[in-house]
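Have a look at the structure below, then the notes.
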Amino acid sequence: MTADLSSPKLHAGRAALVLAVLALAGCANGTSSMQLYPLQGEIADKDPTLVIQATATNTTSTSGVLKFRLPERGKCEGTWSSLTPRSVSNTKGMSLTWRKTGGEVGREVETVAGVNNGEIYAVCADGTRVQGTFVIGSGTASGTGQASDTNGNVYKLLF
C-alpha cells in the first residue's frame with residue numbers, strides 16, 4: 001500500500017504539525033510578553049488607553065533582554081532581572097551503619113518558593129531611560145510592578 005503524497009489531507013496534517021512545532025519552539029526559548037500601561041505623564045495624557053507591548057527573553061532564567069517601543073521615543077532595549085532566593089545546605093559526618101560505612105559529604109541547592117523581586121532597565125533610541133521594579137512568583141513568568149522614565153512618565157507593569 002502506498003500513500004498519495006499530493007493528498008490535501010496529508011498537506012493539512014503536515015501544516016498542523018509544523019504549526020504545533022513552531023508554537024512549542026516559541027515556548028521553549030522562554031519569551032514572554034510584558035505590558036506597560038501609562039499612568040501619569042505626557043503619554044498617559046495623550047492616550048490613556050494605550051498599552052505598550054514589551055518582549056522579555058530568557059524568562060525561564062533569572063535575567064534576559066527586554067525590548068519595546070515608546071511613542072515618539074522609538075525603540076527601547078534593556079535588561080530584566082529577578083532575584084531568586086536559594087537555600088544551600090552542606091552535610092558532613094560519619095556513618096556507622098552496615099550499608100553506609102565511612103564519611104559522608106554532600107551539598108544540596110534548591111530554589112525557595114515565594115515571591116521574588118526584580119528590576120527592569122532600558123534605554124530608548126532618543127536617550128530616554130526607563131527603570132522599574134516588579135515582583136514575580138517563583139516558578140512563574142507572571143508578575144506586577146511599576147516603572148518610570150526620564151521624561152516623567154509612570155507605567156504599571158503587568159506580565
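Readers should treat all values here as calculations from the given coordinates under stated rules, not as data from a laboratory. What you are looking at is a predicted structure, and each value in this text was computed from that prediction instead of being measured.
Extension gain, Asn117 to Gln146: 0.36 nm times the residue separation minus the Cα-Cα distance gives 9.2 nm. Per-residue extension of 0.36 nm, minus the Cα-Cα distance of Asp126 and Glu72, leaves a gain of 18.6 nm for this segment.
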